[in-house]
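The values are calculated or read from the model by the stated rules, or taken from the named source; none is laboratory data. Computed from a predicted model, the values in this text were never measured in an experiment. Reconstructed Cβ throughout: ideal geometry from the backbone, glycine too, with neighbour counts over all protein chains shown.
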Amino acid sequence: MKILLALGAVALLSVGAMASEHGKHWGYEGHSGPTNWKEFSKTCGTGHAQSPINIIPGKTVSMNHQYDLDLSEDVHTEAKVIDNGHSIKVTPAQGGTITLHGEKFKLLQFHFHGKSEHTINGKRYDMVAHMVHQNPKTKQLAVVAVFFVEGKNNPMLDNILGNIGGEIRVDPQDLLPDDTAHYYHYVGSLTTPPCSENVQWYLLKTPQTASKEQIEAFRKYYVDNERPVQELHDRKIESK
Ligand SMILES: [Zn+2]
């Protein structure tokens, strides 16, 4: 039994190593892991507005409604699905948009983490999707995070996980939960090098579901691709 467990651990370690080594130089474990990301980009080590963070719902402030999230993701489009060495990433040919403060941000890509990066009261969700948007004029980024809990099968995830390296037809709106009117909002950073700041984060409070089998299937690729939570410093988290 002990031998079997040891073999299992070796198999898991080698999957992790492969994931962090192909392509880029940074990763999630050992010398290339998050505590040394400052070697890839100084901001990762010295920034005071980094992500992810832990959110304590009792310590949030009310939403500044000028920055309310207005989603318009209902676009049927072709999309490329790739394993980029850090995550499974879906790049739609024609993304939807979100509008914040009167400015439109276009969906560039979405990708997944094997556990949520942001925590709520210290708790991680089973998975998270990050929908990365950009304002084409200012280049500012805005990320909508959709948490996943174990539950009903998610057809979109099957489509994505079954077509890594290929193309799919997708409607990014299918990724969103029914309730998108409630969320946490704050200004943070990319959660991977170069850890660039001034990123608008929207964390939807209502989670999506994925089946146990789907969560396990994703974690065969990435199980620990989440950055540890960062200091809040003097930032305020808004809640709606
Ligand atoms: Zn991410």
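From the residues in the stretch 111-132 that are more than 16 Å from the ligand (Cβ to nearest atom) and assigned to a strand (DSSP E or B), which one is nearest to residue 216 (Cα to Cα)? Only one residue tops the list, namely 123. For first residues located in the stretch 106-122 and without any contact (Cβ under 8 Å) to a residue 60 or more places away in the chain, partners that are polar (S, T, N, Q) and lie 6+ apart or on another chain with Cβ distances below 7 Å form the pairs 106/97; 106/134; 108/134; 109/91; 111/87.
Touching a strand residue (DSSP E or B) at 6+ places or on another chain (Cβ under 7 Å) and at pLDDT 95 or above: which single residue out of 59, 42, 106 fits that description? Checking each option against the conditions leaves just 106. The residues of the stretch 13-39 that are hydroxyl-bearing (Ser, Thr, Tyr), assigned to a helix (DSSP H, G or I) and modelled with pLDDT of 85 or more, listed by number, are 32, 35.
Just one of 108, 100 is surrounded by fewer than 20 Cβ atoms within 10 Å (Cβ to Cβ), within 20 Å of residue 70 (Cβ to Cβ) and within 13 Å of the ligand (Cβ to nearest atom); which is it?
Values: 100 fails: within 13 Å of the ligand (Cβ to nearest atom).
The unique qualifying residue is 108.
Filtered by the rule that a residue be closer than 12 Å to residue 210 by Cα and in contact with a helix residue (DSSP H, G or I) (Cβ under 9 Å, 6 or more places away or on another chain), the stretch 162-184 gives a lone residue, 175. The set of residues in the stretch 153-169 that are more than 10 Å from residue 81 (Cα to Cα) and of a type in the set (D, E, K, R) comprises 158, 169. Applying the condition of being among the β-branched types (Val, Ile, Thr) and surrounded by fewer than 19 Cβ atoms within 10 Å (Cβ to Cβ) to the stretch 133-152 and asking which residue is nearest to the ligand (Cβ to nearest atom) yields 149.
Residue by residue, here is whether (1) modelled with pLDDT under 95; (2) surrounded by fewer than 21 Cβ atoms within 10 Å (Cβ to Cβ) holds:
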{"residue": "183", "(1), (2)": "no, yes"}
{"residue": "189", "(1), (2)": "no, no"}
{"residue": "194", "(1), (2)": "no, yes"}
{"residue": "197", "(1), (2)": "no, yes"}
{"residue": "202", "(1), (2)": "no, no"}
{"residue": "207", "(1), (2)": "no, yes"}
{"residue": "211", "(1), (2)": "no, yes"}
{"residue": "217", "(1), (2)": "no, yes"}
{"residue": "223", "(1), (2)": "yes, yes"}
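Of all the residues in the stretch 211-228, those that are of a type in the set (A, V, I, L, M) and within 18 Å of residue 118 (Cβ to Cβ) number 2. Determine whether residue 119 is surrounded by fewer than 22 Cβ atoms within 10 Å (Cβ to Cβ), farther than 21 Å from residue 215 by Cβ and hydroxyl-bearing (Ser, Thr, Tyr). For residue 119, the condition - surrounded by fewer than 22 Cβ atoms within 10 Å (Cβ to Cβ), farther than 21 Å from residue 215 by Cβ and hydroxyl-bearing (Ser, Thr, Tyr) - is not met.
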